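A short write-up of the structure that comes next.
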Amino acid sequence: MTRLTEIYLAFLKIGSVAFGGGYALLPILQQDLEEKRHWTTTEELMDYFAIGQCTPGVIALNVSTFIGHKLAGIPGVLAATAGFLTVPIILILLIAAFLTNFAELTIVQHAFGGIRVCVCVLIINAVLRLWKKAIVNPLALGLYIAIFGIMLLTSVLPFSVPTFVLVIAAAVFGLLFGREDAA
């Protein structure tokens, strides 16, 4: 199997279970790409997620693109992106064709309710795994509390702080106080 085929098939598998967005997908990426294939590290995934959050597009797709580039340059980007998008595009087309006919069915509403619960658990799991690598000392904990507080405030105030501003501010903090202290 060629390297590009391997990349395509890995991301085809990941894209086929990409329910709930990028953060819900993080545990799957960690297990498959970090632990099983050793294509990335936790630190790299955290960096890819930070950059993916600040760039246009879907976070999980952006992360897949970054990993594809790391593995095989531009051909790797195309293989990872195509693999990640294949199943979701097919599913979206099928859902778009039939959802209006079935969205009001109780069984469909219950299924989506169950999926939402599962996605919440996946996100919590991802946060806990990232917490272990990111909150390494009191300075990092202080940065976390500050950003969390800002996010809470923006949810109740009539304005919000864009996510990219928080990520850039955290990067500046990291530059000023050292990667080990802030990351």
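The values are calculated or read from the model by the stated rules, or taken from the named source; none is laboratory data. This is a predicted model, so every value here is computed, not measured. With ideal geometry, Cβ positions are generated from the backbone for all residues, glycine too; neighbour counts draw on all protein chains shown.
Points worth noting:
- Within the range 105-134, being over 30 Å from residue 43 (Cα atoms) and either under 20 Å from the mean Cα position of the chain (by Cα) or in a helix (DSSP H, G or I) (or both) holds for 106, 107, 108, 109, 110, 111, 112, 113, 114.
- For beta carbons closer than 8 Å, sequence separation of 6+ or different chains, a first residue in the range 131-142 that is more than 18 Å from residue 30 (Cβ to Cβ) and a second that is modelled with pLDDT of 85 or more and not in a helix (DSSP H, G or I), the qualifying pairs are 141/135.
- Hits in the range 144-168 - residues which are within 18 Å of residue 51 (Cβ to Cβ), of a type outside the set (Val, Ile, Thr) and in contact (Cβ under 8 Å) with a residue 12 or more places away in the chain: 164, 166
- Of everything in the range 19-68 that is of a type in the set (Ser, Thr, Tyr) and either in contact (Cβ under 8 Å) with a residue 60 or more places away in the chain or surrounded by 17 or more Cβ atoms within 10 Å (Cβ to Cβ) (or both), the residue that is nearest to residue 170 (Cα to Cα) is 48.
- Among the conditions (1) surrounded by 12 or more Cβ atoms within 10 Å (Cβ to Cβ); (2) farther than 20 Å from residue 5 by Cβ; (3) among the hydrophobic types (A, V, I, L, M, F, W, C), residue 79 misses just one, which is (2).
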